[in-house]
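Chemist: Once you've had a glance at the structure underneath, I'll fire off some questions.
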Amino acid sequence: MTVVAFALWATLAVAGPGWQGGAAPATAGSDPTPVRRVVDDYIGLYTRERLPDWKQLFLPSFTASFTNADGTVTTRNLEAFYESQRAGFARGSMSETLHDVRITREGRLAHAFAGFEFTSNGNSRRGQLMLLLIESQGQFRIAALAFSYHVQ
């Protein structure tokens, strides 16, 4: 099992029943506001013009993993993931919206789970995503992203 896959599994295992039913109950010192700001910027900065700013939300060691139609999983590092987004914007318009966002923060660790709708050149697809965040030098940054499109 890769480190990223283990981290995703461990986060889900620790989240327990609150994961499926909404955000887990807040605990002392677990204000989700700083994490919510990162999630909001993940969507708000996702434009052709702001893409370099968007990239700063991620740790240099970031990985993105996603499912493919054939059941395999693809994983990209930050540079490959960023380049795929830059190339997508170069081909045309893209946007993403989130819904049913659930954020859990425990100290310096957090995760966000949401449904999303990704639109590229007028074609939309829905799916689910999970962001793993960690506090680095006083601010939360995205360590990993896992997503999957719904089978249609």
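The values are calculated or read from the model by the stated rules, or taken from the named source; none is laboratory data. Model, not experiment: these values are computed from the prediction. Glycine gets a Cβ as well: all are built from the backbone with ideal geometry, and neighbour counts include every protein chain shown. Heads up: the accessible areas ignore ligands, DNA and RNA and are worked out on the full protein's heavy atoms, side chains in. Shrake-Rupley method; radii C 1.70, N 1.55, O 1.52, S 1.80 Å.
Chemist: Go ahead and run the numbers for FRET between A90 and Y149, Cβ-Cβ distance against an R0 of 22 Å, rounding to 0.05. Walk me through the intermediate numbers first.
Modeler: Working: r = 22 Å, r/R0 = 0.99.
About 0.50, to the nearest 0.05.
Chemist: Over region 49-152, with every protein chain in place, what whole percent of the accessible area is carbon and sulfur at 1.4 Å, could you tell me?
Modeler: Roughly 49 percent of what the probe reaches on region 49-152 is carbon or sulfur.
Chemist: Under a crude label model (7 Å from the Cα following the beta-carbon direction), how far is R76 from T47 in nanometres?
Modeler: Here the answer is 2.2 nm between the modelled labels.
Chemist: Keeping all protein chains in place, calculate the accessible area per residue for region 32-142 (probe 1.4 angstrom), answer in Å².
Modeler: Counting only protein heavy atoms, the per-residue value for region 32-142 is 53 Å².
Chemist: Separate question: Contact order normalised by length for region 75-152, with contacts defined as Cα pairs under 8 Å and 6 or more residues apart; what percent is it? Display every interim value, and only then the final one.
Modeler: Working: 122 pairs, mean separation 16.3, N = 78.
For region 75-152, the relative contact order is 21 percent.
Chemist: As a test of reading the structure, rank L109, L57 by solvent-accessible area (1.4 Å probe, protein chains only), most first.
Modeler: Largest accessible area first, the residues go L109, L57.
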